[in-house]
Amino acid sequence: MKNSLVKHTKHVHGCSKKLVIFDLDGTLYRLRGGSFKHSMVYKEVLKKTTRYIMEKLNKTYQEAESILEEILKEYGESISVALEEKFKLNRYDYFNFVWDIPAKRYIKKNIKLKKMLMKIKNDFDLALISDAPRVWINRVLKELGIENIFKDKIFSGEGNTRKEFNNAFEKVIKILNIKPECCIVFGDQEKTDIIPAKKLGMKTVLVSREKKPTEADYSIRNILEIERLLNLLK
């Protein structure tokens, strides 16, 4: 790892109260499969998307699969954008159909998480950022028992501002009127969490059980190590 929790204890100065920004899937809870694209959640999304295309475009299963395959090649995970641009399908209708998934099937609840977040909330402002739509975010937060932790500081991926588009963190600092150097970002993905946040001047922490190279300022293996790291950064 580039930096470790023990060896590096830089401080963030000049902020009356720092903002801690959490990614959701893979960060606040572990995804079975290691990453979103390898998770059962993603497989369920693709399965329901195929059904959605069948119903909305009056296609056979094979035709819908072919359309989705082409979308994934051209648009990556931005399926809602593709369906809107190419087929004039409403993205919010898509979100409500496809992402209305029982979170309990895929999430292993950590009973210590809520207590830890409530404790660090005394010293930090907390925000949540995810490229997932609000319907999924709400289900996950409820399953984790932390639906009231972030309140009005939840940034979803329903619009055209997403981590995938490299414009999500700019939106956070603009809306919350905070300097990048006053922000600490926790995420499990190098490309969408760590690199764009670090470019803006935010402190970054990679949450990963794997030992791998990272551009993050710090790295931790478990979400519950967050409290100890934030105590060093206060």
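The set of residues in segment 45-102 that are modelled with pLDDT of 95 or more and of a type in the set (Asp, Glu) comprises GLU55, GLU63, GLU65, GLU69, GLU70, GLU74, GLU84, GLU85, ASP93.
Looking only at residues of segment 111-129 that are in a helix (DSSP H, G or I) and of a type in the set (A, V, I, L, M), we find that the one that is farthest from ASN160 (Cα to Cα) is ILE111. Of all residues in segment 98-123, those satisfying the criterion of being buried (at least 17 other Cβ atoms within 10 Å of the Cβ) and either under 17 Å from ARG51 (Cα atoms) or aromatic (Phe, Trp, Tyr) (or both) are VAL98, TRP99, ILE101, TYR106.
When each of ILE101, ILE111, ILE129 is tested for being more than 21 Å from MET202 (Cβ to Cβ) and either in contact (Cβ under 8 Å) with a residue 60 or more places away in the chain or not β-branched (Val, Ile, Thr) (or both), the lone residue that passes is ILE101.
Selection of first residues in segment 72-90 that are more than 14 Å from GLU55 (Cα to Cα) and not assigned by TED's automatic domain parsing to the domain that holds LEU57 and of second residues that are modelled with pLDDT under 95 and part of a helix (DSSP H, G or I), restricted to Cβ pairs under 6 Å at least 6 apart or on distinct chains, gives an empty result.
Of all residues in segment 22-49, those being closer than 16 Å to GLY76 by Cα, β-branched (Val, Ile, Thr) and assigned to a loop (DSSP other than H, G, I, E, B) number 0.
Search segment 52-110 for residues being aliphatic (A, V, I, L, M) and in a loop (DSSP other than H, G, I, E, B), and hand back the single one that is nearest to LEU141 (Cα to Cα). Even if it seems obvious, please write down each step before you answer.
Residues of segment 52-110 aliphatic (A, V, I, L, M): 53-54, 57, 64, 67-68, 71-72, 79, 81-83, 89, 98, 101, 103, 107.
Pick out the ones that are also in a loop (DSSP other than H, G, I, E, B) and you get 89, 101, 107.
Details: LEU89: 28, ILE101: 13, ILE107: 10 Å.
For segment 52-110, the residue satisfying everything is ILE107.
Quick one: VAL41 ticks every box in (1) under 20 Å from ILE154 (Cβ atoms); (2) aliphatic (A, V, I, L, M); (3) in contact with a helix residue (DSSP H, G or I) (Cβ under 7 Å, 6 or more places away or on another chain) except a single one, so which number is it? That leaves (3) as the condition not met.
Among the residues of segment 158-174, are any hydroxyl-bearing (Ser, Thr, Tyr), in the same structural domain as THR27 (by TED's automatic domain parsing) and either modelled with pLDDT of 95 or more or more than 18 Å from ALA127 (Cα to Cα) (or both)? No, because not a single residue in segment 158-174 is hydroxyl-bearing (Ser, Thr, Tyr), in the same structural domain as THR27 (by TED's automatic domain parsing) and either modelled with pLDDT of 95 or more or more than 18 Å from ALA127 (Cα to Cα) (or both).
The values are calculated or read from the model by the stated rules, or taken from the named source; none is laboratory data. In this text, all values refer to a predicted model and were calculated from it rather than measured experimentally. Quick reminder, even Gly has a Cβ in these numbers, built from the backbone with ideal geometry, and neighbours come from all protein chains shown.
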